[in-house]
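Peer 1: Mind looking over this structure? Questions follow.
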Amino acid sequence: MYKASNAFYLTANDAAPYTSSPKTKYIGKVIFLAAVARPRYDSRRKRHFYGKIGKWPIVEQTVALRNSVNRPKGTVVTKCVAVSRDAYSKMLIDRVFPAIRALWPGQRWPHVVDHDPVVAEAGDQGG
């Protein structure tokens, strides 16, 4: 992500840093998925659980298929993903549920949509 203009203070021996962006006025927007819970004391682990589970960007990294002025072919490019039902379910299954299982105090069940069998099945795994 880039600003439209940058100011650099250079000495006589420094070269201007190389920056590139698709367009001069372009700043990419990224959506994040955050998961939090109510803070509580975990008596089994003898410590406080502060409720912060995680924060994940909703992006995908793909390989550039063609050359560009800004990058060569084969460079890994980060692209924004449209937040659809499938993308949201995939984020829950791949990132949120494993983080909940790792950090959650005790054996609590995550809240899932009842009528989505794939999300419900992923939430039931691991106790």
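Here, each number is a calculation from the coordinates, and none is a lab measurement. Being a predicted model, the structure only gives us computed values, none of them experimental. Cβ coordinates were reconstructed from backbone atoms using ideal geometry, including for glycine residues, and neighbour counts include every protein chain displayed.
Peer 1: In what sequence do R101, R66 fall when counting other Cβ within 10 Å, fewest first?
Peer 2: Details: R101 15, R66 8.
Least crowded to most crowded, the residues run R66, R101.
Peer 1: Please list, by residue number, everything in the range 53-72 whose backbone N is under 18 Å from a paramagnetic label point 7 Å out along Cα→Cβ of D86.
Peer 2: Counting backbone N atoms under 18 Å from the label point, the list is 58-62.
Peer 1: Separate question: Lys and Arg at +1, Asp and Glu at -1: add these up for the other residues within a Cβ distance under 12 Å of L33 and post the number.
Peer 2: Cβ neighbours under 12 Å give a net charge of +2.
Peer 1: So what's the net charge close to V81: Lys and Arg +1, Asp and Glu -1, counting the other residues with Cβ under 12 Å from its Cβ? Walk me through the numbers before you get to the answer.
Peer 2: Numbers: positive: K29, K79, K90; negative: E60, D86.
For residues surrounding V81, the net value is +1.
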